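Where a number appears in this text, it was derived from the coordinates with a stated rule and is not lab data. Source: prediction; values computed, not measured. Here the Cβ is made from the backbone with ideal geometry for all residues, glycine too, and neighbour counts use every protein chain on show.
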Amino acid sequence: MEKCIYKGEVLYAYQVLQNFDFEQEIRSCHALTCCDCGARVFFKHGKQRTECFAHYKREECKYGEYCRKQSNIFKHTQHELYTPLQRIAENHGFVLEEDVIIIHDHYTAFVLRSDSIKYAIDIIDTAATSAALEKRNRLYEAAGYQYLQITVDKNAESEPFSERDMAYFPVKYALNKSLNHTAVVIDKERKNWSIYILDKMDMSGLPDCFYDITDWYDYDALAMPISLFDLDIDTNGFFTVPSHKAYGDFCSYRRIQKENWLKEETARRERQRKQAEEARREAETRRQEYKRRLGELEEKRRQEAEIRQAAYEAAKQQARQAAEQKRQQRVADERSEIAQIHRATGTYIGSKIKGEYERFTLEELTSSKPGNWLREYTKEDFEQKTAELKEYKASAVKTMFAKLCYINSSEKTILIQFLDEIQGSDPESVRVIKYLMIRAGVN
Ligand SMILES: [Zn+2]
């Protein structure tokens with residue numbers, strides 16, 4: 001235990017060593033009593049262990065129990081802190097006390113108090129739950145104390161680190177809950193001291209992608225070794241002058257980084273915007289070009305189709321003309337052949353049978369009287385039949401002959417007049433018709 005009662009006053013173990021004669025006096029003193037149970041205690045100090053007081057025998061004593069259960073690192077830490085805290089107390093006019101009961105069932109490792117402010121300083125050397133820390137904080141606050149923690153960690157950080165990745169919760173708690181976002185840490189193995197300070201950066205107005213910048217975002221807590229000679233305290237908690245300065249530099253560096261990043265990000269976005277716009281323009285140009293080419297292609301196809309259609313029509317027309325020419329030629333050939341046969345034989349021509357035309361004399365064609373004839377002929381009909389007669393067709397002869405066999409008086413008048421008209425120009429036809437009239441018995 002760190003303290004006992006000697007002559008009605010609190011005596012701290014470290015005070016014993018300050019003067020050899022006093023140490024000798026205390027070592028042989030039988031008037032030291034426990035501040036909790038009042039039992040007699042004695043002063044212990046050897047090569048291996050730091051100075052302390054102890055009960056002569058195990059007592060039912062909470063303070064004794066508390067001191068027995070302390071780990072070596074806890075004792076070491078409390079011992080190491082005494083001198084710097086004493087210096088702080090002297091410089092600032094505080095009273096320093098150790099192992100003080102402020103909250104029920106708990107010894108506060110150090111208390112620094114003045115008329116205006118009181119600090120309760122705990123040493124946290126095992127994993128404390130957030131609930132326990134929060135409860136203590138509340139109780140200290142209710143008792144009018146500001147709560148500070150000295151934290152023992154397995155591996156103290158030596159360089160800036162990410163507070164979010166920090167595994168040991170009490171350190172996180174100190175970084176976030178203390179007024180100056182500061183944790184004072186001792187490394188459990190190496191026993192060296194560090195200070196951590198969290199940069200509670202202003203995150204407002206930062207886009208989400210900002211968190212991709214690991215340097216800036218991850219390393220939000222400054223960590224640096226300190227000497228306890230530099231340890232000091234102000235209304236916000238612990239600090240050292242070098243850490244104070246380093247933290248200022250750290251924050252400036254981060255602020256500049258952030259500003260640079262924001263500048264770069266703004267520029268990057270502007271570039272992206274321009275690129276997107278450019279891409280959009282290019283796409284539009286390509287689209288227009290595609291449309292134009294498509295239009296051209298369609299126009300070309302349409303023209304080709306028109307040309308093909310025209311060629312097809314022309315070919316069709318040509319074929320039609322050729323067929324017509326052929327037909328006309330055939331008709332002309334036929335007429336020519338019929339005329340030739342007629343000239344040679346005086347016969348009229350019927351159907352072509354096995355390559356030979358049937359041939360009939362006028363006498364043969366008028367040898368028998370045909371059946372009844374119903375339709376009345378006009379002058380045009382006679383003209384028509386006369387034209388057919390000039391082509392030496394047997395059928396024309398038969399038709400004319402049939403008409404004549406059944407001709408009425410008005411038809412006869414028309415016919416006689418018609419024959420008079422063509423007498424000069426076509427005596428041959430007149431002669432043939434007159435022969436048919438005779439054969440039909442027309443007077
Ligand atoms: Zn006791």
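Please list 408-420, 271-283 highest first by mean number of surrounding beta-carbon atoms within 10 Å per residue.
408-420, 271-283
Which of the peptides 12-18, 331-337, 256-262, 106-112 is most tightly packed, and how do the rest follow, going by the mean number of other Cβ atoms within 10 Å of each residue?
Ranked from most to least packed, the peptides come out as 106-112, 12-18, 256-262, 331-337.
Lys/Arg Cβ at +1, Asp/Glu Cβ at -1, dipole of the range 80-231 taken about the Cα centre: which of 228, 160, 126 is farthest positive-ward?
It is 126.
Given springs between every Cα pair under 10 Å in a Gaussian network model of the chain, which of 238, 250, 382 has the largest fluctuation?
For the chain, modelled as a Gaussian network with Cα springs under 10 Å, the answer is 382.
Report the charge-dipole magnitude of the chain in Debye, nearest 20, computed about the Cα centre from +1 at each Lys and Arg Cβ and -1 at each Asp and Glu Cβ.
Dipole about the Cα centre, nearest 20: 2660 debye.
Taking only Cα atoms, what is the 0 to 90° angle, nearest 10, from helix 241-345's long axis to the longest principal axis of the chain?
10 degrees
Kindly provide the helix-only [θ] at 222 nm of the chain, computed as the sum of -39,500 (n - 2.57) over DSSP H runs of four or more divided by all residues, to the nearest 500 deg cm²/dmol?
So the helix-based figure for the chain works out to -17500 deg cm²/dmol.
Take every Cα pair under 8 Å in the chain that's 6+ residues apart, average their separations, divide by the length, and report that relative contact order as a whole percent.
For the chain, the relative contact order is 7 percent.
Rank 227, 243, 367 by mean-square fluctuation in a GNM of the chain with C-alpha springs under 10 angstrom and give only the top-ranked residue.
367
Could you tell me which of rounded, prolate or oblate describes the range 187-323, using a ≥ b ≥ c as the square roots of the eigenvalues of the alpha-carbon gyration tensor, with rounded for a/c under 1.5 and, failing that, prolate when a/b is larger than b/c and oblate otherwise?
In terms of gyration-tensor shape, prolate.
Between 427, 84, 242, which gets the highest mean-square fluctuation from a Gaussian network model of the chain, Cα cutoff 10 Å?
Among 427, 84, 242, the largest mean-square fluctuation in the Gaussian network model of the chain belongs to 427.
Using 31 Å as the Cα-Cα cut-off, could you pick out the over-long pairs in 44/245; 263/291; 326/354; 300/326; 326/412; 3/154?
Flagged as over cut-off: 44/245; 263/291; 300/326; 326/412.
Among rounded, prolate and oblate, which fits the chain when a ≥ b ≥ c are the square roots of the eigenvalues of its C-alpha gyration tensor, a/c under 1.5 means rounded, and a/b larger than b/c means prolate?
Judged from the Cα gyration tensor, the chain comes out prolate (a/c at least 1.5, a/b above b/c).
Of the peptides 142-152, 94-104, 352-362, how do they stack up when ordered by the mean number of other Cβ atoms within 10 Å, highest first?
142-152, 94-104, 352-362
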